[in-house]
Amino acid sequence: MTRRVAVVAAHHDDGWSEEALLVRRLCGALACSADVELLVAGGPPSGATDGAVRVRRFPSTAVDGRRASALRRALLGPEPEDLPISCSCTDAVRRRAAAALPGAAREALLVAGGGYSDELFRELAASRHDVVVFVGAGSASTYWGMQAVAGRRPCVVVPAAAGDPALWSPAVDEVIDAADRVVVATAFEAGVVRKRAPGLKDDLLHTVGFVLRVNGMARRAPAYGHDGRPTVLVARDWAQPFPLDRLVAWCDALVEDFAPRLAVRLAGPGVQAVPARLRAEFAASRTDVWRWMAHALCLLDPEPRRLLGREVVESMAFGTPVVVPADGGATRLHADAGDGGLWYRSYAELRACVGALLDDGGLRATLGRQAEAYATGELGDPDAFVITVGDAVLGVLG
């Protein structure tokens, strides 16, 4: 008998969102052995298909980014982008504040983050799915959706946890306690969940990994605008909030310190938001970014606490070394596990990393070979991913 699985998420369409990528990968893997419906909290009511997956949308509260950010600052203290450096002390203060939030405040934070949909919750209360998978331990769709299911169906939670202080909200305790199984993508995420819920039994936590592929044709020709110089590439969705000042200052410093041998380019959608002197023109699509990756000296990832580190793994798949922050989360895990990159804590260390790759061709070649072997060997097997996800999710049925 074919099992029916509902996957509940607040993110699905954004091609550069790591949580949305995780949702798509999970749905695709589950569709190989089950009848899958993706229930999305957001957008007008609609029904469509995405390959073998039926996608149903439910109207939800509109997300006001400014209001949500102001609310987080008021309840939890300064956001990471408000600070000139990454400070574990401030993170600890924010986590304590999140853990002490009263019920009304924690629910206000959940609603402000989006994903609250009465229509979705009514659908879940009446659903006949065999298993319901909730993506995002700290989302409104998960918190109230699990209450709507109320033990009538097995629930699997995919925390999508990268260590944000909001994860320490008591609402997450309720979600994890009610889950029949917790599924994570990486060993980094497993560590975050272990720290958050130290009493979680071993047989309830399953690490499934994830899978990525790149287009090998990107190796054949440099990207538009590539001038042949060794290039440090930074790739992300620049339309999403990000503290640009320090990154731009460090990129300018790299150009000045290594002039004229080195170029630094920022690529990805919304790149018009970055200074023209650093911009990779006509590089908004992932295919265009892949061309830059395939011919870069290295990929620089400036973001802490990454969930999957997609751009890092894609660069490694091209044999391009990566340079990541010491607190990069999944990216630090990939760089260390694959021995395919370097990490930094300050501009001085970043400069040393780039200088070593620029001046020692043998180091870059060695790291590149090891990076490619790791990316293709550990994260390039879709069949293994399908089996692991199916066992983790459908195994909850016994």
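The values are calculated or read from the model by the stated rules, or taken from the named source; none is laboratory data. Bear in mind that the values here come from a model prediction, so they are computed numbers and not experimental data. In this analysis, Cβ positions are derived from the backbone assuming ideal geometry, glycine residues included, and neighbour counts consider all displayed protein chains. Quick note on the areas: whole protein, heavy atoms, side chains included, nothing else; ligands and nucleic acids left out. Shrake-Rupley method; radii C 1.70, N 1.55, O 1.52, S 1.80 Å.
Here are some notes:
- Rolling a 1.4 Å probe across all protein chains gives Asp381 an accessible area of roughly 80 Å².
- Solvent exposure ordering (accessible area, 1.4 Å, most first) of Tyr344, Tyr116: Tyr116, Tyr344
- Projected label distance in nm at Val255 and Arg96, using a 7 Å step from Cα toward the beta-carbon: 4.3
- Whole-percent carbon and sulfur share, accessible surface of the chain, 1.4 Å: 53
- Sorted largest first by accessible area at a 1.4 angstrom probe radius, with every protein chain in place, the residues Ile387, Ile176 fall in the order Ile387, Ile176.
- Candidates Ala150, Ala283, Ala373: whichever shows maximal mean-square fluctuation once the chain is modelled as a Gaussian network with Cα springs under 10 Å: Ala150
- Label assignment, Cα Rg over 2.2 N^0.38 Å derived from the structure, set (i) 0.99; (ii) 1.49; (iii) 0.95: (i)
- Magnitude of the charge dipole, segment 99-201, Cβ model with Lys/Arg +1 and Asp/Glu -1, debye to 20: 300
- Rough spin-label spacing in nm, given labels placed 7 Å along Cα→Cβ, for Glu174 and Asp381: 4.1
- Normalised by the number of residues in the chain, the mean separation of alpha-carbon contacts (under 8 Å, six or more apart) gives a relative contact order of 14 percent.
- Theoretical FRET efficiency, 1/(1+(r/R0)^6), r = Cβ-Cβ of Arg220 and Asp336, R0 35 Å, to 0.05: 0.70
- With all protein chains modelled, accessible area of Trp292 [1.4 Å, Å²]: 10
- Sum of side-chain charges, Ala384 neighbourhood, beta-carbon under 14 Å (Lys, Arg +1; Asp, Glu -1): -2
- The 1.4 Å probe gives accessible areas that order Arg306, Arg152, largest first, as Arg152, Arg306.
- R0 of 45 Å, Cβ-Cβ distance Thr366-Gln272: FRET efficiency to nearest 0.05: 0.75
- Per residue, the chain exposes an accessible area of 42 Å² to a 1.4 Å probe, with every protein chain left in place.
- Of all DSSP beta bridges in the chain, antiparallel share, percent nearest 5: 10
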